1. At what distance in angstrom do the alpha carbon centres of segment 196-226 and segment 66-133 lie from each other?
2. Which chymotrypsin sites (Phe, Trp or Tyr not before Pro) in segment 169-198 pass both tests, a DSSP loop state and at most 15 other beta-carbon atoms within 10 Å?
3. Rounded to the nearest 5, what % of DSSP beta bridges with both residues in the chain are antiparallel?
4. How compact is segment 1-91 by the rule of thumb for globular proteins, expressed as Cα Rg over 2.2 N^0.38 Å?
5. Give the residue list of chymotrypsin sites (Phe, Trp or Tyr not before Pro) in segment 41-104 that are DSSP loop and have at most 12 other beta-carbon atoms within 10 angstrom.
6. Using the heavy atoms of the protein chains alone and a 1.4 angstrom probe, what is the accessible area of the chain per residue in square angstrom?
7. Tell me the carbon and sulfur percent of the accessible area for the chain, rounded to whole percent, probe radius 1.4 Å.
8. Are there trypsin sites (Lys or Arg not before Pro) in segment 31-120 that DSSP puts in a loop and that have at most 11 other Cβ atoms within 10 Å, and which ones?
Amino acid sequence: MAPSYHVVTLFPEMFAALSGFGVSGRAIERRLCGLSFWDPRDFTQDNYRTVDDRPFGGGPGMVMLVEPLDLALTAARAALRRSGVGAPRMIYLSPQGRRLNQALVEELAAEPALVLLAGRYEGIDERLFARHALEEVSIGDYVLSGGELPAMVLLDAVIRQLPGALGHANSAAEDSFADGLLDCPHYTRPERYLGLTVPEVLRGGNHAEIARWRLGQALDRTRTRRPDLLRDRRLSPLEQALLKDLPGPSDREAGPV
Ligand code: 9WO
């Protein structure tokens with residue numbers, strides 16, 4: 001069965017950015033995964049279809065009502081139950097959460113289903129956490145105006161990992177991040193642009209040498225820009241040798257003038 005992704009959101013139309021374009025749009029079109037929406041407003045009982053109210057204790061802004069969210073999450077879970085999925089991971093996108101990284105993306109891409117909750121306003125009534133086992137996931141340390149963009153970021157990263165989402169010519173396993181390193185530089189035609197040339201090694205056809213150069217570049221960039229990534233990663237003997245041969249941080253080339 002293809003995995004199914006369920007999003008609880010007041011703004012399902014925003015997800016056209018995910019379902020209408022590129023790799024994710026194609027994957028959904030080709031039924032490599034399902035994408036459905038549960039609008040808390042459809043689970044309100046009052047004439048005004050109220051989904052928010054003022055915070056107890058005072059303060060600015062509004063808080064999302066617990067009941068419409070509870071009913072929307074319960075409906076999503078019931079739909080999954082009917083399709084044979086027992087206890088889906090349920091994720092609330094929030095700056096308080098575990099930071100999203102490629103390891104978590106790969107974990108989530110192996111799940112048969114995910115339920116995502118995108119909040120709005122100042123947040124959700126805390127009692128929702130007593131009703132549902134929500135994991136909190138953050139895409140970075142900044143505040144947005146809602147969880148929809150983070151939910152789309154997570155789904156985009158997950159969907160491109162699904163078998164068949166990328167052409168077999170470039171599989172997700174080839175991504176440099178899959179390897180725990182930053183990407184190497186890329187070049188395409190022309191060979192010379194305003195006096196700027198393509199590294200010689202890439203124009204020769206020596207594929208082993210090209211692979212070695214790319215790995216060296218990826219290691220160099222990772223050491224310079226994200227040394228934290230290297231500290232968390234074991235290095236192969238080849239990688240250790242390449243790193244030793246790289247110029248130290250002191251004799252790096254100057255940037256553009
Ligand atoms: C709004 C606000 C206003 C005044 C003082 C503190 C405040 N906090 C917030 C807030 O966190 N609003 C959130 C908006 C409520 C939940 C949805 N929103 C959200 C999610 N903003 N940013 C995210 C998010 C999610 C995942 N990764 C990064 C950011």
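The values are calculated or read from the model by the stated rules, or taken from the named source; none is laboratory data. What you see is a predicted model; the values in this text were computed from it and never measured. In this analysis, Cβ positions are derived from the backbone assuming ideal geometry, glycine residues included, and neighbour counts consider all displayed protein chains. Please note that ligands, DNA and RNA were not included when accessible areas were found on the heavy atoms of the full protein model with its side chains. Shrake-Rupley method; radii C 1.70, N 1.55, O 1.52, S 1.80 Å.
1. 41 Å
2. Answer by residue number: TYR187.
3. 15 percent
4. Normalised Cα radius of gyration, segment 1-91: 1.29.
5. Sites meeting the loop and neighbour criteria: TYR48, PHE56.
6. 61 Å²
7. 52 percent
8. Answer in residue order: ARG31.
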